[in-house]
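To keep things clear, I will list the structure first and then write my remarks on it.
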Amino acid sequence: MVSTQIIKNCLEELTSITKVEFCIQDASGALFTETSGAQATDADIVANFADSTVDSQIIGDSYLLKIDDEEMTYILTAIGTGEYTLMIAKVAVSEIRNLMTAYKEKYDRNNFFQNLLLDNLLLVDIHNRAKKLHIDVQVPRAIILVEIENNESDNIAGDLLGSIFTPHNGDYLTEVDENSIIVIKAVRNEDDYEELNKAATVAVDMLNTEAMLKVRAAYGTIVSDLKNLSKSYKEAKMAMDVGKIFYAEKRVMSYNELGIGRLIYQLPSNLCNVFIHEIFGDNIPYDLDNETLNTINAFLDNNLNVSETSRKLFIHRNTLVYRIEKLQKSTGLDIRNFEDAMLFRISLMVMNYLKYLDSKDY
Amino acid sequence: MASLSLEHVCKTYPNGFKAVKDFNLEIKDKEFIIFVGPSGCGKSTTLRMIAGLEDITSGTLKIDGKVVNDVEPKDRDIAMVFQNYALYPHMTVYDNMAFGLKLRKVPKDQIDKMVKEAAKILDLTQLLDRKPKALSGGQRQRVAMGRAIVRNPKVFLMDEPLSNLDAKLRVQMRSEIAKLHQRLGTTIIYVTHDQTEAMTLGTRIVVMKDGVVQQVDTPQHLYDDPCNLFVAGFMGSPQMNFVDGVIKVNGDKAVVTVAGVDIRLEDEKAKAVIDGGYDGKTVTVGIRPENIADLAEEDMPEADSPVFSAKINVRELLGAEVFLYFDIADTPFIARVNPRTTAQVGDTVRFAFDTKKIHLFDKETEKTIAN
């Protein structure tokens, strides 16, 4: 059933236009909602009317009409008599029925997309249900996964994204867990990754500026058939994970741009452990201090150039050489050599990955 | 209205990437502060830390004297305008500006008042009933700003808000933002990589590179007295010309020799090189394009001004000025000269340096020796 607030808003609007007050009760007479000037009809009268076979009835100075839902019958009371009130009461019943239908359709769509993304639908069902829900099957689409830190229950993020990505443009929103929103984004053609990236960035920036929420977004590849949408969803999920582990500074991740993180992410943890032990033996530098990490990263980023790195770090080159030699003593790797530098960078990434696995209690 | 204080603020990501290193800055109430620097220098990260969208790894952030490191972004009384904005396509300008407030459950009459006030400030009153489709690029940008203004925040944070606009619109919006700052009288922190935006908008500019603050100063001071080679090169377009020169000291006088030409240093500059022990050492000499004169067109007393002859490689006419590209000691130079100049590509032209405007930098540390 549609929320009470939505029905109330709809009735209040009708009242402000027509000056007819309304009240809705369920079949037992319990109050569902009412406009500010209305009074609920006696519960027994409502219950009797609900049991009767007639669709409308005049009781005192009010009209009673039935609103049939698949599951329940609701009774609308319109305060007033005469043709005018009856006509307005019928308009109200029609309006509420339409609202219920639209609501159901929306939630059926939501359910459809959830099942589609989680691979819970048969191929034949996908096409049949999509047709019933007026969803075009052959449109290039991709999944943008938006993850929200400290998501609050009032669903500001969902409302906001729902206002940007509208069904009118072929976009849909759904959720499969509490902390993320899934945007099913329609794009113009199958290689329009620029548009997709822009949409993901807009989503992040809008949630940052309008709702002040900390968010990250990741998107999968564009698929041309609805049945492949779950693939795009899995890719977006993987891009989100890889981004968090290896590229924490990025707020938008693309499945197509995961770099070496993509390879490491696929490795089993025992293989990673064997690799780390092979490189470092028993002296695994799990907790390198910030200064050392910063020095290593700067040295690698500056193509193993001592002068350039020391200049960028604002330290004397001898200090840099001392730090590199100290690292060599503790790890056995001399990062001034390309081979060792490469091993060190990969090892750092693998160690980050292992830390991530530990934190997830694999 | 608010003052901000950033003390030893650092940002290190879990993968070891240090985006911001020991950032210190006091921002006074109503200041228009610009963070400027190349991509990846940490300016946006700093802005996001102020907003609360990035955690601060170490250091303290205070707003109006109160430490806000652990305060939720929505409770910091800050509004932001980012580069990538979207207007809600099916909503009117009014609803676009009101939407954020509705989400925060602000009462309707209050929303109405705030939206109408913001619309008046931004000159959008006539457009409140229009949908985004019916707006020009500049009007859309103003609506995006309106969404921030309606919140009546203590501080505005703007992250390259004009970078998606075309050149003409950028210039127009730049002056709109300057006017907005005067009207609102609010503290604004503005991130850009465009030094023209920085020079024209900011009351003070923070120049950043590799996560480190290089210099904080007024636009004029940054331009005239850069603290190092990076700031000197970054501020100004076309950028400052740099060439190697050797210092020769004779008593309390000093010259710097560039391509065989001795440039006599003014007393203050001479004192700086003598005190710094630069005699016989190679330094980097910097001179801005507007401080090089084409002697055929402009007078510069030759006794004081060193003269270089160079062949013109490229000539660019920009209407009000001409850029001449040439080489001195195999180093490319640009001179910004009077459009009357008759110099053409291939001509050998005599150029004079304005010695008062010469900058000297340590070749190793790249720090300024004398401005």
Selection within the range A:191-239 - in contact (Cβ under 8 Å) with a residue 60 or more places away in the chain, part of a loop (DSSP other than H, G, I, E, B) and away from every other protein chain (no Cβ under 13 Å): A:G220, A:T221, A:I222, A:S224, A:D225
Hey, does the range B:132-144 have a residue that's closer than 24 Å to A:N155 by Cα and either within 12 Å of chain A (Cβ to nearest Cβ) or in contact with a strand residue (DSSP E or B) (Cβ under 8 Å, 6 or more places away or on another chain) (or both)? yes
Among the residues of the range A:111-159, which ones are without any contact (Cβ under 8 Å) to a residue 12 or more places away in the chain and within 14 Å of chain B (Cβ to nearest Cβ)? A:E152, A:S153, A:D154, A:N155, A:D159
How many residues are under 28 Å from the mean Cα position of the chain (by Cα) and within 7 Å of another protein chain (Cβ to nearest Cβ) when one looks only at the range B:58-80? 2
Test each condition in (1) charged (D, E, K, R); (2) surrounded by fewer than 23 Cβ atoms within 10 Å (Cβ to Cβ); (3) within 21 Å of B:L47 (Cα to Cα) for B:E197 and report the one that comes out false. (2)
List the residue pairs whose Cβ atoms are under 8 Å apart, where the first residue sits in the range B:347-371 and is within 14 Å of chain A (Cβ to nearest Cβ), the second is among the small types (G, A, S) and in a loop (DSSP other than H, G, I, E, B), and the two are 6 or more positions apart or on different chains. B:D362/B:G276
Scanning the range A:292-314 for residues that are within 11 Å of chain B (Cβ to nearest Cβ), out of contact with any strand residue (DSSP E or B) (no Cβ under 8 Å at 6 or more places or on another chain) and assigned to a loop (DSSP other than H, G, I, E, B) gives A:N302
Test A:I264 against the stated conditions and say whether it is assigned to a helix (DSSP H, G or I) and under 15 Å from A:M349 (Cα atoms). yes
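Output the residues belonging to the range B:103-115 that are more than 9 Å from chain A (Cβ to nearest Cβ) and within 36 Å of the chain's Cα centre (by Cα). I'd like the intermediate steps shown before the answer.
Quick first cut of the range B:103-115, residues more than 9 Å from chain A (Cβ to nearest Cβ) only: B:106-115.
The answer is B:I111, B:K113, B:M114, B:V115.
For the structure I just gave you, tell me whether A:S163 is closer than 30 Å to B:M49 by Cβ, away from chain B (no Cβ under 13 Å) and crowded, with 20+ Cβ neighbours inside 10 Å. Walk me through it before giving the result.
Numbers: closer than 30 Å to B:M49 by Cβ: yes; away from chain B (no Cβ under 13 Å): no; crowded, with 20+ Cβ neighbours inside 10 Å: yes.
When the stated conditions are applied, A:S163 does not pass them.
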Taking the criterion of being surrounded by 14 or more Cβ atoms within 10 Å (Cβ to Cβ) and part of a helix (DSSP H, G or I), would at least one residue in the range A:72-85 satisfy it? yes
Given the conditions (1) within 14 Å of chain B (Cβ to nearest Cβ); (2) under 29 Å from A:I264 (Cβ atoms); (3) not aromatic (F, W, Y), every one holds for A:N179 apart from (1)
Before we move on, is A:G243 of a type in the set (G, A, S) and within 12 Å of chain B (Cβ to nearest Cβ)? yes
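Within the range B:104-130, how many residues are in contact (Cβ under 8 Å) with a residue 40 or more places away in the chain and surrounded by fewer than 16 Cβ atoms within 10 Å (Cβ to Cβ)? Break it down into steps so the answer makes sense when it comes.
Of all residues in the range B:104-130, those in contact (Cβ under 8 Å) with a residue 40 or more places away in the chain come to B:121-122.
So of that shortlist, the ones also surrounded by fewer than 16 Cβ atoms within 10 Å (Cβ to Cβ) come out as none.
The qualifying residues number 0.
Any idea which of A:I75, A:I79, A:I6, A:I67 is under 43 Å from the mean Cα position of the chain (by Cα), touching a residue at least 24 places away in the same chain (Cβ under 8 Å) and more than 30 Å from A:T166 (Cα to Cα)? Break it down stepwise before answering.
Working: A:I79 fails: under 43 Å from the mean Cα position of the chain (by Cα); A:I6 fails: more than 30 Å from A:T166 (Cα to Cα); A:I67 fails: more than 30 Å from A:T166 (Cα to Cα).
From the options A:I75, A:I79, A:I6, A:I67, the qualifying one is A:I75.
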Please tell me if B:A293 is assigned to a strand (DSSP E or B) and either closer than 22 Å to B:K253 by Cα or modelled with pLDDT under 90 (or both). yes
Qualifying residues in the range A:166-176 (those that are within 13 Å of chain B (Cβ to nearest Cβ) and within 19 Å of A:N228 (Cα to Cα)) - the one surrounded by the fewest Cβ atoms within 10 Å (Cβ to Cβ): A:G170
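The values are calculated or read from the model by the stated rules, or taken from the named source; none is laboratory data. In this text the structure is predicted, and so the values were computed from the model without any measurement. Cβ: placed from backbone, ideal geometry, glycine included. Neighbour counts: every protein chain shown.
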